[in-house]
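J.: Here it is: the structure, laid out below.
The values are calculated or read from the model by the stated rules, or taken from the named source; none is laboratory data. If you're wondering where the values come from, they're calculated on a predicted model, not measured in any experiment. FYI the Cβ positions are ideal-geometry reconstructions off the backbone, even for glycines, and counts take in every protein chain you see.
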Ligand code: HEM
Ligand code: FES
């Protein structure tokens, strides 16, 4: 930086200007943050973040829907045919490639968030009478997304497979989601 | 402002201390309005009337409404059944919301036809587009308040649009919701914002009018005012004309409010919200349908969202896209044809947005007729064609002047008006 020769110490003045503006901007940012952050999930909402589910009543080929964090979670005890079908797919051809084994903790038990990864509708397929789409899994009527028997996206506008939440088996018949 | 002298001594007393009388006086008696304004110029003041009705009905509704997921649906039913005149206030609020959009859409198509967005009115137009966006936000937020099935799933789908943003999308959606799904925190903030935004709109409307008074109204000929012979005062000429418009508006409004109050809404919104069951076919309010059709036409999530926002965003740059020096479509033979084609495209997009994507497309004119155009045209195909045409309209505007031979413009407004009355 050069002195313009006008008699004023421009460098020092510039520095003070920039420093003041910077401190002001940081201060404004720090002040605004609590306001913005107050809109994020509060402690009581976060406290409801995990649930336990008893699986002992679910027969092969049956599904149940439980509520977790205000969202439906699909739990399905798959039939041998469904498992074979899900394993038989060439993973490389999928829009969101994921092997069957990576979507389950214990083969035969499918646990997924029942929310379409397009814009958040609940796909049909839990009930025997529902339309299960072209791939025999779930079908979202909102904009036409088809999911296969492992809940992977196969056709339609949804970009990703149905989300698998964090969960673990506490015992053979009890899981903890979240 | 130089202080003026009025006949009324109270007006004089106030004006000396607070200069609010002279701007009103100026607008009514001195500001030049083109003498050839037609009925298309009624829709601005009608939009203002709508805003006032929305604020007045909204405030009394808010005194009875409960923004809590457990009680919201019930409180709206209470308004309908138990609150004195509650049904009237709610039906007014619901139907004027729809009429507001009809009025504003006509107002905008008017601007498009007569080239009102061109210099020196670019900013006036842009402020208008901002008002449209704020109205859309307000309408969307209001529709969630009754907490019916369409409220809930509409809110879910629209907030999820932001999840398409790479990287931060999911964090933004969680932030919007204040939780992990649309729930009580969401309803609470939506209510507050729905209450607040109309007053923001009011502020922006004032800017809109300030810009209008600076650049002066456009007119059906699209030529500048040359002198006092081209203009008349607002009062009594436009006060009376606007009042006639208001009468017609109120007649139509009453027809809906008293005889078919739910026609412009969706019956599923009388089913309480259920986070575990999505209705078989969710649709937004009718005024969002064309944009919803654009969203669904693009098979990719992110691109669909971008296209939808671009469909509105393109209006911001319209003043610079259209390079023809002639404003009014009356003197632009090609633009005129394109304008009507564009209107039809927007209408078809609206009908597309209302139908399920995999079905065969049915052309509908409500209350009048509907027919299948062709059994091989699905809703998706028609949506994709019309979406392409929608954008093509805007993209062809910059090159249009190269091909278009415009008709000669009249020398002045008064000359055109007088020669017409001589015929
Ligand atoms: C730009 C102006 C406004 C628009 C476009 C608008 C739009 C809407 C819409 C579409 C609904 C849903 C109606 C239904 O299906 O039941 C609604 C509901 C509601 N609005 Fe507004 N509104 C506006 C201004 C206001 C204002 C200023 C207030 C309060 C100060 C307000 C308070 C309410 C309340 C309490 C409800 C819920 C009760 C009901 O559903 O009828 N609105 N609004
Ligand atoms: S929300 Fe499921 S396809 Fe759009």
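J.: Hey, residue B:386 hits all of (1) in contact with a strand residue (DSSP E or B) (Cβ under 8 Å, 6 or more places away or on another chain); (2) under 18 Å from residue B:109 (Cβ atoms) but one; which does it fall short on?
T.: Condition (1) is where residue B:386 drops out.
J.: Would you mind finding the one in B:249, B:199, B:238 that is away from every other protein chain (no Cβ under 14 Å), assigned to a helix (DSSP H, G or I) and touching a helix residue (DSSP H, G or I) at 6+ places or on another chain (Cβ under 6 Å)? I'd like the intermediate steps shown before the answer.
T.: Values: B:199 fails: touching a helix residue (DSSP H, G or I) at 6+ places or on another chain (Cβ under 6 Å); B:238 fails: touching a helix residue (DSSP H, G or I) at 6+ places or on another chain (Cβ under 6 Å).
Result of the check over B:249, B:199, B:238: B:249.
J.: Tell me whether region B:264-276 contains one or more residues that are free of Cβ contacts under 8 Å to residues at least 60 places away in the same chain and more than 10 Å from chain A (Cβ to nearest Cβ).
T.: To start, the set of residues in region B:264-276 that are free of Cβ contacts under 8 Å to residues at least 60 places away in the same chain comprises B:267, B:276.
Subset that is more than 10 Å from chain A (Cβ to nearest Cβ): B:267.
Yes, region B:264-276 contains at least one residue that is free of Cβ contacts under 8 Å to residues at least 60 places away in the same chain and more than 10 Å from chain A (Cβ to nearest Cβ).
A quick yes/no check of all residues on (1) assigned to a helix (DSSP H, G or I); (2) more than 14 Å from chain A (Cβ to nearest Cβ); (3) closer than 30 Å to residue B:326 by Cβ:
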| site | (1), (2), (3) |
| --- | --- |
| B:120 | no, yes, yes |
| B:123 | yes, yes, yes |
| B:132 | yes, yes, yes |
| B:161 | yes, no, no |
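J.: Name the residue, out of B:85, B:116, that is more than 12 Å from ligand 1 (Cβ to nearest atom), buried (at least 22 other Cβ atoms within 10 Å of the Cβ) and more than 14 Å from chain A (Cβ to nearest Cβ).
T.: Working: B:85 fails: buried (at least 22 other Cβ atoms within 10 Å of the Cβ).
Of B:85, B:116, the one residue that is more than 12 Å from ligand 1 (Cβ to nearest atom), buried (at least 22 other Cβ atoms within 10 Å of the Cβ) and more than 14 Å from chain A (Cβ to nearest Cβ) is B:116.
J.: May I pose another question? Going residue by residue through region B:321-329, is there one that turns out to be buried (at least 16 other Cβ atoms within 10 Å of the Cβ), in contact with a strand residue (DSSP E or B) (Cβ under 7 Å, 6 or more places away or on another chain) and at pLDDT 95 or above? Even if it seems obvious, please write down each step before you answer.
T.: To start, the set of residues in region B:321-329 that are buried (at least 16 other Cβ atoms within 10 Å of the Cβ) comprises B:321-322, B:324, B:326-329.
Now restrict to residues that are in contact with a strand residue (DSSP E or B) (Cβ under 7 Å, 6 or more places away or on another chain): none.
No, every residue in region B:321-329 fails to be buried (at least 16 other Cβ atoms within 10 Å of the Cβ), in contact with a strand residue (DSSP E or B) (Cβ under 7 Å, 6 or more places away or on another chain) and at pLDDT 95 or above.
J.: Take residue B:422 and decide whether it is within 30 Å of residue B:333 (Cβ to Cβ) and modelled with pLDDT under 95. First the steps, then the outcome.
T.: Values: within 30 Å of residue B:333 (Cβ to Cβ): yes; modelled with pLDDT under 95: yes.
In short, yes.
J.: Now, a different point. Only one of (1) part of a loop (DSSP other than H, G, I, E, B); (2) within 22 Å of the chain's Cα centre (by Cα); (3) more than 14 Å from chain A (Cβ to nearest Cβ) fails for residue B:346. Which number is that?
T.: The single condition residue B:346 does not satisfy is (1).
J.: Among (1) in contact with a helix residue (DSSP H, G or I) (Cβ under 6 Å, 6 or more places away or on another chain); (2) part of a loop (DSSP other than H, G, I, E, B), there is one condition residue B:68 misses while meeting the rest; what is its number?
T.: It fails just one condition, (1).
Residue by residue, here is whether (1) touching a strand residue (DSSP E or B) at 6+ places or on another chain (Cβ under 6 Å); (2) within 14 Å of chain B (Cβ to nearest Cβ); (3) within 23 Å of residue B:170 (Cβ to Cβ) holds:
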position	(1), (2), (3)
A:145	no, yes, yes
A:148	yes, no, no
A:151	yes, no, yes
A:155	yes, yes, no
A:158	yes, yes, yes
A:165	yes, yes, yes
A:172	no, no, no
A:177	yes, yes, yes
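J.: Could you say which residue among B:174, B:186, B:156 is under 30 Å from residue B:63 (Cα atoms), part of a helix (DSSP H, G or I) and within 16 Å of ligand 2 (Cβ to nearest atom)? Lay out the reasoning, then the answer.
T.: Details: B:174 fails: within 16 Å of ligand 2 (Cβ to nearest atom); B:186 fails: within 16 Å of ligand 2 (Cβ to nearest atom).
Just one listed residue meets the conditions, B:156.
J.: Working only within region B:125-151, note down all residues that are within 16 Å of ligand 2 (Cβ to nearest atom) and either closer than 16 Å to residue B:193 by Cα or touching a strand residue (DSSP E or B) at 6+ places or on another chain (Cβ under 9 Å) (or both).
T.: B:149
J.: Among A:132, A:155, A:176, A:160, which is the only one that is without any contact (Cβ under 8 Å) to a residue 40 or more places away in the chain, more than 10 Å from ligand 2 (Cβ to nearest atom) and surrounded by fewer than 19 Cβ atoms within 10 Å (Cβ to Cβ)? Please lay out each step first, then the result.
T.: Working: A:132 fails: surrounded by fewer than 19 Cβ atoms within 10 Å (Cβ to Cβ); A:176 fails: without any contact (Cβ under 8 Å) to a residue 40 or more places away in the chain; A:160 fails: without any contact (Cβ under 8 Å) to a residue 40 or more places away in the chain.
Matching residue, one of A:132, A:155, A:176, A:160: A:155.
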